[in-house]
1. Using only the alpha-carbon atoms of the chain as identical scatterers, what base-10 log of I(q)/I(0) does the Debye formula give at q = 0.07, 0.11, 0.12, 0.15 Å⁻¹?
2. What ranking of E252, E260 comes out by heavy-atom accessible area, probe 1.4 Å, highest first?
3. Restricting things to alpha carbons, find the Rg to Rh ratio for the range 237-334 using the Kirkwood radius for Rh.
4. Could you grab the relative contact order for the chain? Cα pairs under 8 Å, six or more apart, rounded to a whole percent.
5. Taking the Cα centre of the range 146-211 as the origin, how large is its charge dipole in debye, to the nearest 20, when only Lys and Arg (+1) and Asp and Glu (-1) carry charge on their Cβ atoms?
6. Within the accessible area of the range 214-342, what % is carbon and sulfur when the probe is 1.4 Å and the other protein chains stay in place?
7. At 222 nm, what value in deg cm²/dmol follows for the chain if DSSP H runs of at least 4 each add -39500 (n - 2.57) and the sum is divided by all its residues, to the nearest 500?
8. Given an 8 Å cut-off on Cα distances and at least 6 residues of separation, report the relative contact order of the range 153-222 as a percent.
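The values are calculated or read from the model by the stated rules, or taken from the named source; none is laboratory data. In this text, all values refer to a predicted model and were calculated from it rather than measured experimentally. Positions of Cβ are backbone-derived with ideal geometry, glycine not excepted, and every protein chain shown enters the neighbour counts. Heavy atoms of the whole protein, side chains included, go into the accessibility calculation; ligands, DNA and RNA do not. Shrake-Rupley method; radii C 1.70, N 1.55, O 1.52, S 1.80 Å.
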Amino acid sequence: MDSPQTYRKIIHLDMDAFYASVEQRDFPEYRGKAIAVGGSPDGRGVVATASYEARKFGVKSAMSSRKALQLCPEIIFTRPRFEVYKQVSYQIREIFQRYTDLIEPLSLDEAFLDVTMDKQGIGSAIDIAKAIKSAIKEELNLTVSAGVSVNKFVAKIASDMDKPNGLTFIGPSKILKFMESLPVEKFFGVGKVTAKKMHELGLFTGMDLKKQREDDLVRWFGKTGHFFYRIVRGIDDRPVTPNRSSKSVGIEDTFEADIETFEELNAILQRLSIQLWGRIGKKEISGRTLTLKLKYADFVQLTRSLTLDTSFDSEEKIYATAHSLLSKITLANKVRLLGISISNFVDESDFPKEGVQLALFENYR
């Protein structure tokens, strides 16, 4: 008799509107109100996180504070307290560690847990997720949404299905049907441009992707086509990796209309610098190499990099370096994509500890 198939037990946990929820917890006057953690709309402020009351008006992370105010005139802006968020993140991590040591943090407010062999011998991943959610609520007065499944991809999608304070389980018998009904926009690696291309090819759901041959997907989407072919069939063998490290952190923008002037590119570069600095702060990393990526309308791509003796410790330094690299390029065509990334990370002992993350918003009051 064949032995029954065994599956991993993966939980993806994502704190609900983390920064904003901490502010509402600590300051009663913010509770039930539309708030945005970020810079003032009077300058070049950016929203780091919005409360769910603000999200109802369409306010989103990385949106300009000025745009957020237009969407929600009663919104309250509050300065970020990154040291507080970091401390709360450590407390959350301690709760996770009661159940497993296989924890892969993605940021301060998000992590994968492999509880296949949980420390307390509970056995049920759903019960473990419930216990974690209860502990975070009781001990920290915060809520978290959880997705439970047999692999990382499905667990991550599941955690976003019933926010806030949700718990969604997608078991092995439901994965294939779930993947087939999933809109292509939900697949990892599918941004606006890829989604548009998929739609032009008549691909709108996982079922549409599943009908395609692997070599066609690779021809259309490059190496990511292999991933699409496997994941739509529920195949994701990636392990939960503690102490996961990134080789680079970046951000890029593909334009709806091609751009042909340095003035427009520089304005976009300023916005990308602000957003990249926010991502670096959230991931608690610091790097010395900045890379500028530019793609022309004819899809010819070029990159330029510069490595500093010290790490990039402010949005201003990121922008100044990126601007310098851009200014040395002679535009050979209209530009369809612009991006910047930070790599060559330094040890945590070298990280600037105070004021660095706050600098993202310091000049935008």
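1. So the normalised log intensities work out to -0.34, -0.89, -1.06, -1.53.
2. Output order, biggest surface exposure first: E260, E252.
3. 1.01
4. This gives 17 percent for the chain.
5. Charge dipole, the range 146-211, about its Cα centre: 120 debye, nearest 20.
6. Exposed carbon and sulfur together represent 47 percent of the surface.
7. Estimated from H runs of four or more residues: -11000 deg cm²/dmol.
8. Computed over the range 153-222, the figure is 24 percent.
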